[in-house]
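Heads up, the thing below is written out as structure tokens.
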Amino acid sequence: MTRSIPGLHHVTAISGPPQANVDFFTKVLNQRLVKKTVNFDDPGTYHLYYGDEAGSPGTILTFFPFVNAGPGRAGPGMASAYAYAVPAGEFDAWMGRLAEQAIEFDGPVERFGLRVITLHDPDSAPVELVETFRESQAPLDGFHSVTLWEDDIAPTARLLTDIFGYEELGHETEEGGERLRLQAPGDARGAVVDLMRSDAPSIGRQGAGSIHHVAFRAESDEVQLTWREALASAGYAPTPVIDRQYFNAIYFREPGGVLFEIATDPPGFAVDEEAAHLGETLKLPPQYEAHRDRIEEVLPPLKVTQ
Ligand code: ZN
């Protein structure tokens, strides 16, 4: 197969109470709340989507905020971090701005020749900012990468190279482990996947602050179906196509256990509200519209100023 996955579509994580989450991602990281909806499998819980102005694929970070979520912890078989791309020339300015706001961060450290700092969101989850050489007017240019924590790196690397069309960029040894970097061809956002193996024993647990799944892009419904077939013939068990209102999704477990999704670029976030007013009102999929009053009663109040 000559086709390759261009990069990440979105990353979905779990958080604690939604207000602190909204404040952090809109005010500290200058992301736009591009959609306020509910978890389609649990409509008493929000599903919040942050991204660039348009909610472009490769910039979307989504959260299921559970008011009473227990703390999560990354471990083998889980995505352990995502990284935003800091546009060319803006890295020092970002560090300065964070310091001015008294926002603590770790680093900078150097990884594959690029400086990285790590902030912590209100649930103590790592938020990495990576220096890049890409020009952009946006404060952050969507995702740079995601890190998957694996007991055994090789089978996941094979999935990424042999099926997704990624290339290995190289290994780095870091304190307590190693990291293999892979990159999709082309220059899409979120084209990098790091596979990390750690010597530190840990048992991961989903909860506030953990990453639930990682979604890769398919440019169209037709392309998504070719990925579904390719995965099925390689012995994976992708789900049928599921309508997620803003994209169509298929899900499967990669060999190390991380939940992968392939999500379509269309229709996007302007399908049910005007592009200029994304995220301002609670949007419900058609099956829940009849229950709007009850749903709005159950959801915690949420104030967004952006
Ligand atoms: Zn998803």
What accessible area per residue, rounded to a whole number of Å², is obtained for segment 10-144 using a probe radius of 1.4 Å?
37 Å²
Could you point to the residue in Ala200, Thr239, Thr156 farthest towards the positive end of segment 8-298's charge dipole, with +1 and -1 charges on the Cβ of Lys/Arg and Asp/Glu respectively?
Thr239
Per residue, how big is the convex hull of segment 40-131 when only Cα atoms are used? Give it in Å³.
159 Å³
Carbon + sulfur, % of accessible area of segment 112-180 - ligands and nucleic acids excluded, 1.4 Å:
46 percent
Please list, in order along segment 104-117, the HN-Hα scalar couplings obtained from phi with the Karplus expression 6.51 cos²θ - 1.76 cosθ + 1.60 (θ = phi - 60°), rounded to whole Hz, x for Gly and Pro.
6, 8, 9, x, x, 10, 9, 9, 6, x, 10, 6, 9, 10
Radius of gyration and maximum dimension Dmax of segment 36-94, Cα, Å:
15.1, 43
For segment 8-298, report the convex hull volume of the alpha-carbon atoms normalised per residue, in Å³, without decimals.
129 Å³
Under the helix-only model (-39500 (n - 2.57) for each DSSP H run of 4 or more, divided by the residues of the chain), the mean residue ellipticity at 222 nm, to 500 deg cm²/dmol, is -4000 deg cm²/dmol
Quick check: the distance between the Cα centres of segment 233-270 and segment 96-123, to the nearest angstrom?
31 Å
With N residues in segment 153-233, Rg(alpha-carbon) / (2.2 N^0.38 Å) equals 1.27
Quick P(r) readout (segment 193-306; Cα-Cα; 10 Å bins; whole %) gives 11, 29, 33, 22, 6, 0
Using a Debye calculation, one point per C-alpha and no hydration shell, please list log10 I(q)/I(0) for segment 3-50 at q = 0.13, 0.33 Å⁻¹ in order.
-0.37, -1.35
Size of segment 98-216 as Cα extents on the principal axes (Å, biggest first)
45, 37, 26
Exactly which GluC sites (Glu not before Pro) in segment 156-207 are in a DSSP loop and have at most 14 other Cβ atoms within 10 Å?
Glu175
Can you give the relative contact order of segment 8-298 as a percent, counting alpha carbon pairs under 8 Å and 6+ residues apart?
23 percent
Give, rounded to the nearest 20 debye, the magnitude of the charge dipole that the chain has about its Cα centre when Lys and Arg contribute +1 at Cβ and Asp and Glu contribute -1 at Cβ.
420 debye
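The values are calculated or read from the model by the stated rules, or taken from the named source; none is laboratory data. Values in this document were obtained by computation on a predicted structure and should not be read as measured data. No Cβ is skipped: glycine too gets one built from the backbone with ideal geometry, and neighbour counts run over all protein chains shown. Accessible surface is based on the protein model in full, side chains and every heavy atom, while ligands, DNA and RNA are left aside. Shrake-Rupley method; radii C 1.70, N 1.55, O 1.52, S 1.80 Å.
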